[in-house]
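See below for the structure under consideration.
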Amino acid sequence: MSNRIRTVLEMIKFEHSVFALPFALTGALLAARFTTHSWPTWKQFIWIVVAMVAARSAAMTINRIADLRYDKENPRTAQRALATGALSTGFAWTFMLVAVAVFFVAAWRLNPLAFKLAPVALAVLFFYSCTKRFTNWSHLFLGFALGISPAAAWIAITGRLDARMLILCAAVTLWVGGFDVLYACQDVDFDVRAGLFSVPKRFGIASALLIARAMHIGVVALLVWLAASFLLPWPAWAGIGVVAALLAYEHSLVKANDLSRLDAAFFAMNGYISISFLLFWGAAAALWKV
């Protein structure tokens, strides 16, 4: 049983939940502090986490099902659970449906608007799985799929949306899109053979690294805009500085002629970025005079 659970968690890359979840929780903290001058309740906190994990699990499973043919052909992904047969596609479909059901229950438990928008959120998440077949900018679709999480969390807390949350959505979109461009650099040869699309395939690895860098500069600019629009106290600004420094270090690890440290840039650094952001902006929310 434990091996089965580990295989399922590997299929959905459960550990990558740390990438988007801190941004959603930041949205929830800002929403509660701004609208009620308090904090999210434990009930709200738990259901937001459940909704995030369930939605991401469903989306990752759909992605693995949709890409099964490519996963089998790509040496980098040939050992994934569905590609090797460690898990069947029938099991994957069942798991996906259960995750969708859990997501709808969580949205229902939060508030009516969250429940009404739940199908829209899933449509956005599922649509990403087909984008690499027709656009070089699938990285931004992936970014947007995670980028909607802060706005979703704001809605989960308040039952409505503050337009300023769209700034954070855009920042997360560019952040995820940028590091996905970096990650896609290792699959250029396979994308050419398989007829798939990506920024590195279209523009070359060197140019792709510059595009990813530009995206991440945009992230810092958007975070500055967001902090100023909410008049957040100093920890938010310190957090932006930390994020900028970590992004700069991430890019220093990857060079056009040397992708050997790409896993370190992708996994470790992005986890540090998202967690640091939550800690600093959570502190800012605590000190926020609203």
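The values are calculated or read from the model by the stated rules, or taken from the named source; none is laboratory data. Worth saying up front: this structure is predicted, and the values here are computed from it rather than measured. Reconstructed Cβ throughout: ideal geometry from the backbone, glycine too, with neighbour counts over all protein chains shown.
Observations
- For the stretch 231-250, the set of residues classified as more than 15 Å from L278 (Cα to Cα) and surrounded by fewer than 20 Cβ atoms within 10 Å (Cβ to Cβ) consists of L231, A245, A248, Y249, listed by residue number.
- Residue check for A268: closer than 18 Å to V176 by Cα and among the small types (G, A, S): yes
- Boolean, A221 is in contact with a helix residue (DSSP H, G or I) (Cβ under 7 Å, 6 or more places away or on another chain), of a type outside the set (K, R) and either modelled with pLDDT of 95 or more or not in a helix (DSSP H, G or I) (or both): no
- Test for A214: is it in contact (Cβ under 8 Å) with a residue 40 or more places away in the chain, part of a helix (DSSP H, G or I) and out of contact with any His (no Cβ under 7 Å at 6 or more places or on another chain): no
- Output for the stretch 251-267, where each listed residue is surrounded by 14 or more Cβ atoms within 10 Å (Cβ to Cβ) and part of a helix (DSSP H, G or I): H251, L262, A265, F266, F267
- Sole residue being buried (at least 20 other Cβ atoms within 10 Å of the Cβ) and either within 24 Å of S276 (Cβ to Cβ) or not hydrophobic (A, V, I, L, M, F, W, C) (or both), chosen from F23, F34, F45: F23
- The stretch 268-290 - residue that is part of a helix (DSSP H, G or I) and in contact with a Phe, Trp or Tyr (Cβ under 6 Å, 6 or more places away or on another chain) and, of those, surrounded by the most Cβ atoms within 10 Å (Cβ to Cβ): S274
- Look at the stretch 25-42: where a residue is among the aliphatic types (A, V, I, L, M) and a partner is surrounded by 12 or more Cβ atoms within 10 Å (Cβ to Cβ) and assigned to a loop (DSSP other than H, G, I, E, B), sitting 6+ places away or on another chain with Cβ atoms under 8 Å, you get A28/P40; L29/W39; L29/P40; A31/P40; A31/D162; A32/W39; A32/P40.
- Residue count, the stretch 94-113 (criterion: more than 13 Å from A55 (Cα to Cα) and touching a residue at least 12 places away in the same chain (Cβ under 8 Å)): 5
- Elements of type helices (runs of 4 or more DSSP H) contained in the stretch 10-127, each with 1 or more residues being in contact with a Pro (Cβ under 7 Å, 6 or more places away or on another chain) and among the aliphatic types (A, V, I, L, M): 17-36
- Just one of the numbered conditions (1) in contact with a helix residue (DSSP H, G or I) (Cβ under 7 Å, 6 or more places away or on another chain); (2) charged (D, E, K, R); (3) more than 19 Å from H139 (Cβ to Cβ) is not true of E250: (3).
- None of S229, S207 is more than 19 Å from G147 (Cβ to Cβ) and of a type in the set (G, A, S) except S207.
- Residues of the stretch 188-222 classified as of a type in the set (A, V, I, L, M, F, W, C) and farther than 18 Å from Y249 by Cα, total: 10
- Inside the stretch 48-87, residues that are among the polar types (S, T, N, Q) and either surrounded by fewer than 17 Cβ atoms within 10 Å (Cβ to Cβ) or more than 19 Å from L21 (Cβ to Cβ) (or both) make up a count of 4.
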